[in-house]
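What follows is calculated from the coordinates using simple rules that are stated; it is not laboratory data. Note that the coordinates shown come from a computational prediction; the quantities given were computed from them, not determined experimentally. Backbone-built Cβ (ideal geometry, glycine too); neighbour counts: all protein chains shown.
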Amino acid sequence: MSNKNTGGSRAQWASSLGFILAAAGSAVGLGNIWKFPGRAYEGGGGLFILIYIAIVILIGSTAMIAELTVGRATQKNAVGAFRQLAPRWKWVGGLGVFTGYVILTYYTQVGGWVLQYIAGYLTSPGTIFADPKGYFLGNVLGADRFPLGGAILFPFLFIACVVLVITKGVEGGIERFNKVAMPALFLLLLVLLGRAVTLPGAGEGLRYLLTIDLKALNGSTLLAALGQAFYSLSLGMGIMCTYGSYVKKTEDLGKNTAMICTLDTLVALIAAFIIIPAVFATGVEPGKGASFAFVSLAGVFEQMPLGAFFGVLFYTLLFFAALTSAISLLEGTVAYLTEEKGLSRTRATVLSAVGMFLIGVVYTLSQAHYNIRGIWLDGASGLTFPVFGDFLEFLTDRLLIPVGALAYCIFVGWVWGPHRGVAEIEREGVRFPFAKPWGLLVKYVVPAAIFIILFAGMVMGLALS
Ligand code: PHE
């Protein structure tokens with residue numbers, strides 16, 4: 001932490017790049033690589049991508065500025081920020097901490113699966129290549145045995161990594177870590193992209209991603225894209241509020257927002273343009289979203305020269321991405337527990353880690369239970385809701401996160417006032433050229449859009465299931 005030159009007791013990012021990389025590190029994660037390609041596939045390819053980009057530009061960036069300005073203006077975590085500005089809104093901060101924690105329970109499990117795949121490709125790529133689906137269901141999820149690796153050992157290892165970085169503090173841990181991990185991640189993605197799109201047969205996948213099929217347009221798709229955008233940009237739960245509180249007053253929050261949104265969306269798009277063409281090229285049945293980044297890709301690596309090597313590379317990249325996101329998620333909880341409840345940083349971190357581990361195990365076990373019944377990869381969509389794991393994801397992505405983001409925008413638009421947000425951005429001579437449109441967006445357009453999409457998505461989603 002660097003408190004030296006600030007005069008206060010609060011940590012700050014040492015450099016502008018440090019903040020951008022940390023925020024992008026939070027944004028870029030399993031959401032981009034594990035979730036996005038699957039969502040794009042299910043949402044009709046090109047159409048979903050188009051909607052997604054529009055949502056990021058209009059809604060995502062608006063909400064991100066709202067969170068960052070509240071955080072930097074108050075210099076507090078999300079709950080503390082609301083206590084200071086409008087105590088009646090404290091629940092929004094609390095909701096965000098809760099949502100982030102729920103996400104962490106399964107995020108750390110999937111992070112563990114990623115670690116297991118690094119180990120798998122290092123030690124026995126032949127086993128994965130021989131039966132990719134069987135490896136995922138058996139070795140990782142434990143369809144026919146207790147998943148000691150996928151539910152216990154590897155998630156534990158993943159959580160241990162997160163705890164290690166978190167307890168070292170803002171600059172010493174997260175910031176330094178991100179400076180190396182983010183550029184490395186981006187480079188690795190470009191290498192894989194080059195490989196995937198040149199696979200024979202990749203064209204069909206590319207066409208799928210570039211064709212806009214209006215038939216896929218419905219409330220469910222819109223809500224999926226909205227939830228995915230917020231999830232991917234780490235919005236709706238005060239994470240960006242907390243991160244904003246560490247940003248120097250001289251930083252241009254508008255410009256930083258544009259950079260973070262661009263980077264995050266680029267990574268998601270690249271991931272989709274790696275995974276989907278590759279899946280088409282190899283003829284590996286995509287199945288449900290979660291299998292994309294694990295099952296489907298095995299068929300790709302198998303058909304590549306140095307396949308096992310590329311496997312290790314890919315999952316290492318995914319591990320870095322997941323780690324930096326999980327760190328930011330836990331940072332929200334830890335900032336809350338230390339600043340609001342007076343726990344020491346180490347105690348807060350370890351206590352949260354234990355809880356999330358215990359709940360997380362059930363997530364992986366619930367997936368296995370699903371598999372034993374033999375319906376997981378067969379697309380029995382009507383049965384997804386009662387399953388614990390899918391329920392967790394539905395709860396966070398399609399309900400809690402959009403509601404949280406909606407609350408932040410209504411708060412900034414109607415209670416705190418967009419002029420205060422603009423003033424916070426323009427404090428030290430920074431000019432915010434989008435002050436007017438942003439004010440209109442945060443006050444009217446975005447709350448209305450989120451509300452409508454949430455409503456349409458819920459009604460259609462329930463009608464479909
Ligand atoms: N944005 C991260 C991802 O895409 C996940 C995340 C969500 C991180 C919310 C922090 C807060 O993987």
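From least to most packed, judged by other beta carbons within 10 angstrom and beginning with the fewest, I275, I55 follow the order I55, I275. Ranked by the mean number of other Cβ atoms within 10 Å of their residues, highest first, the peptides 265-272, 325-332 fall in the order 325-332, 265-272.
On the basis of the beta-carbon distance and an R0 of 22 Å, S344 and K248 show a calculated FRET efficiency of 0.25. Remark: R83, R72 ranked as R83, R72, counting other beta-carbon atoms within 10 Å and listing the fewest first. With K and R counted +1 and D and E -1, the other residues having a Cβ less than 10 Å from that of T74 yield a net charge of +2.
The mean sequence distance of close C-alpha pairs (under 8 Å, at least 6 residues apart), as a share of the length of the chain, puts its relative contact order at 33 percent. Summing charges over neighbours of V102, with a neighbour being any other residue whose Cβ is under 15 Å away from its Cβ, gives -2 when K and R count +1 and D and E count -1.
In the chain, Rg over Rh equals 0.95, where Rg is the alpha-carbon radius of gyration and Rh the Kirkwood radius from pairwise Cα distances.
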